[in-house]
Amino acid sequence: MSQPWQVTVIRDPARRAQVHASFVQVRARERLSFSGERRDLYDTLKLEGVLDAPLGLLVSLDPPDGPVLGTGGLGGMLEASVACAVTLAWLAATAEGLGLGWLSLVDGQDLRERLDLPPGTRPLAYLCLGWPALTLDAPLLETTGWARRRALRVSDTDVTS
């Protein structure tokens, strides 16, 4: 019940252009991490739909003013709550036939300034929402040869004291 998220709906093309500008900066920095054929492949990847999607959702962590039940043990529970909310939105969008993409190549501080977010909020996800341009049988990064899915690792170990 912590509900530490704030969702900013971004419809205005000028504001989406601000998000895209942040994306362009981060992508230019990230591409330098790769070289040779890997960088060439990176340059061909469609990694965002900010200008294409009719709707952007900026999901930010809006920390509560005081202590929150359930956050005193494992760290990062407020961020995990935000991620769970995004996952549920993604599932709901998919069930309605919509496409939702999570744009991670943006700088949170830059977005906070560009979009004039309230003090204390921390952007955690920028979601591009709209009708999908294409339907894939596998994730784009897998179909392009960028990465392969790893098998789920499950540990079935009982711990006794």
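For the reader, a short list of remarks on this structure follows.
- Cα gyration tensor, the chain - rounded (a/c under 1.5), prolate or oblate: oblate
- Per residue, the chain reaches -11000 deg cm²/dmol at 222 nm when only DSSP H runs of four or more residues are counted, each adding -39500 (n - 2.57).
- Fluctuation leader among ARG150, ARG27, ARG11 - the chain, Gaussian network, Cα springs under 10 angstrom: ARG150
- Most mobile listed residue (LEU111, LEU103, LEU141) in the chain, GNM with C-alpha springs under 10 Å: LEU141
- Qualifying trypsin sites (Lys or Arg not before Pro) in the range 45-117, DSSP loop, other Cβ atoms within 10 Å at most 12: LYS46
- Which of TYR126, TYR42 has the fewest Cβ neighbours within 10 Å, and the rest in rising order: TYR42, TYR126
- Ordering of 13-24, 68-79 by packing [mean C-beta count within 10 Å, highest first]: 13-24, 68-79
- Most fluctuating residue given options TRP146, TRP131, TRP102, as computed from a GNM of the chain linking Cα atoms under 10 Å: TRP146
FYI, it's all coordinate maths here, none of it is from the lab. None of these values were measured; they are calculated from a predicted model. Every residue, glycine among them, receives a Cβ derived from its backbone with ideal geometry; neighbour counts consider all protein chains shown.
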